[in-house]
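Inspection log for the structure reproduced underneath, given as structure tokens.
The values are calculated or read from the model by the stated rules, or taken from the named source; none is laboratory data. These numbers were taken from a predicted model, which means no experiment stands behind them. Methodologically, a virtual Cβ is constructed for each residue, glycine included, from the backbone with ideal geometry; neighbour enumeration extends over all protein chains shown. Please note that ligands, DNA and RNA were not included when accessible areas were found on the heavy atoms of the full protein model with its side chains. Shrake-Rupley method; radii C 1.70, N 1.55, O 1.52, S 1.80 Å.
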Amino acid sequence: MNRTTSRSQTVWPVGGGEMGERIRQHNWAGTPLGPVGTWPQSLKTAVDIMLALPGPVAILWGPERIQLYNDAYIIVAAERHPAILGRPAAESWPEAYESFLGPTFERVFQGEAVAVEDHEVLLQRADGDGFEVHHFVGSFSPIRDETGAVGGVFHPLTETTARIRADAALRESEHQARLLLSELQHRVRNTLAVIRTISRRSAATSETAEDYAMHLDGRIDAFARVQTAVTRDPTAGLDLELLVADGLLAFGAQEGERVAGITGPEVRLKPKAAETIALVIHELATNAVKYGALATDQGQITVEWSITRGDGEPHLVFRWIETGVRLSGEKPQRRGFGTELIERTLAYELEGTASLEFTPDGLHCIISLPVSEILAEQALQS
């Protein structure tokens, strides 16, 4: 018999990858299992099967549940590898032993096979900072020794944490999709209602068909600009400064020319508040083109706002100031769409107050709105 053949018959286990080599090199005499030469053939056979299997498998042997495992199990052991080889399971998995592993092993040592599916186990994080939930599917089966008694546990398993988390992420994504669909349906209904109101009020306050068409077109454009912005990110809120600048730019007025300034703290509006305020800005700009600061070369518009914090709820105070305009100082008798919108709609929809003052130098519009009604959630939290 050649020396190679003799060695293959005396060195155990044969092969087995990294874990086969670690089992061969381990100091088993320092463990309750004792030297490999004293192991029962039933344990050796189970280890040979374990090392040959492609999936993660562990063996827990004897009263101390001494652990052995194959190469595929290294991923499950993670940062515990290779220290848990030859150690009692209670020391290797202390966070899971009392609640799950210990009782399960007791059942198996009484001769029962136990299957688990997507079982939750609280394991320490790889970086050692706290714990996290992992999910496993597998089985715990008795290994009987030469006397017929249960000597150990054969434990093949697969971690399903990634799949469970992916399923949870999918469910959350579907939930968000349903919320977005519901929000879209709500916004469509709201949009149609606003357009109907704009159409009816424009018809009621227009003297000719041409006047009606012109006002309706401008108001729908102002409303549509808000809808476009909301669609980009429904949760972010709409920037008030951008809303004012876009509303004025639609009439060819921009800061530094006919607009003396657009100033105020950063304010992000809820979609509903942005819709109403955009229409207010449109009506003020329309009036300025016809009768006010944008109808004369000397006229200028200043738009500013601030957050006031008195004894009650904070309010946004918005000011539209026109100068360089010669007015009688008397309030017009005719109440148009813009006047109704500013003086009544703001109070009804946003619980605000508004005043229109026709000074000899130009129109002054001051609007006060409670921040809880108009600011986006992100703005309220910041």
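Being of a type in the set (Asp, Glu) and under 13 Å from Ile277 (Cα atoms) is the filter here, so list the residues in the range 217-260 that pass it.
Result: Asp239, Glu241, Asp246.
Pick out the one residue from Glu241, Glu283, Glu207 that is assigned to a helix (DSSP H, G or I) and either farther than 22 Å from Glu340 by Cβ or without any contact (Cβ under 8 Å) to a residue 24 or more places away in the chain (or both).
After applying the criteria, what remains is Glu241.
Look through the range 140-167, keep the residues that are open to solvent by 30 Å² or more (accessible area, probe 1.4 Å) and among the polar types (S, T, N, Q), and return whichever of them is farthest from the chain's Cα centre (by Cα).
Top of the filtered list is Thr147.
Can you give me the number of residues within the range 282-320 that are out of contact with any Phe, Trp or Tyr (no Cβ under 8 Å at 6 or more places or on another chain) and of a type in the set (A, V, I, L, M)?
Selection size over the range 282-320: 3.
Among the residues of the range 83-95, are any in a strand (DSSP E or B), surrounded by fewer than 19 Cβ atoms within 10 Å (Cβ to Cβ) and within 38 Å of the chain's Cα centre (by Cα)?
Scanning the range 83-95, I find no residue that is in a strand (DSSP E or B), surrounded by fewer than 19 Cβ atoms within 10 Å (Cβ to Cβ) and within 38 Å of the chain's Cα centre (by Cα), so the answer is no.
Of Ala253, Ala236, Ala260, which residue is among the hydrophobic types (A, V, I, L, M, F, W, C), closer than 13 Å to Val303 by Cβ and assigned to a loop (DSSP other than H, G, I, E, B)?
Ala253
Tell me whether the range 134-145 contains one or more residues that are β-branched (Val, Ile, Thr), out of contact with any Pro (no Cβ under 9 Å at 6 or more places or on another chain) and under 30 Å from Arg107 (Cα atoms).
yes
Select from the range 66-82 the residues that are of a type in the set (D, E, K, R) and open to solvent by 50 Å² or more (accessible area, probe 1.4 Å) and write down the one among them that is nearest to Met50 (Cα to Cα).
Restricting to residues being of a type in the set (D, E, K, R) and open to solvent by 50 Å² or more (accessible area, probe 1.4 Å), the top hit is Asp71.
Among (1) in a loop (DSSP other than H, G, I, E, B); (2) open to solvent by less than 60 Å² (accessible area, probe 1.4 Å), there is one condition Glu266 misses while meeting the rest; what is its number?
(2)
Scan the range 141-168 residue by residue and report those that are among the hydrophobic types (A, V, I, L, M, F, W, C) and more than 17 Å from Glu120 (Cβ to Cβ).
Within the range 141-168, Ile143, Ala149, Val150, Val153, Phe154 qualify.
Select from the range 194-227 the residues that are modelled with pLDDT of 80 or more, exposed (fewer than 14 other Cβ atoms within 10 Å of the Cβ) and under 41 Å from the mean Cα position of the chain (by Cα) and list them in ascending order.
Answer for the range 194-227, where residues must be modelled with pLDDT of 80 or more, exposed (fewer than 14 other Cβ atoms within 10 Å of the Cβ) and under 41 Å from the mean Cα position of the chain (by Cα): Asp217, Asp221, Ala224.
Restricting attention to the range 302-334, and to residues there that are assigned to a loop (DSSP other than H, G, I, E, B) and either touching a Leu at 6+ places or on another chain (Cβ under 8 Å) or at pLDDT 95 or above (or both), which single residue is surrounded by the fewest Cβ atoms within 10 Å (Cβ to Cβ)?
Lys331
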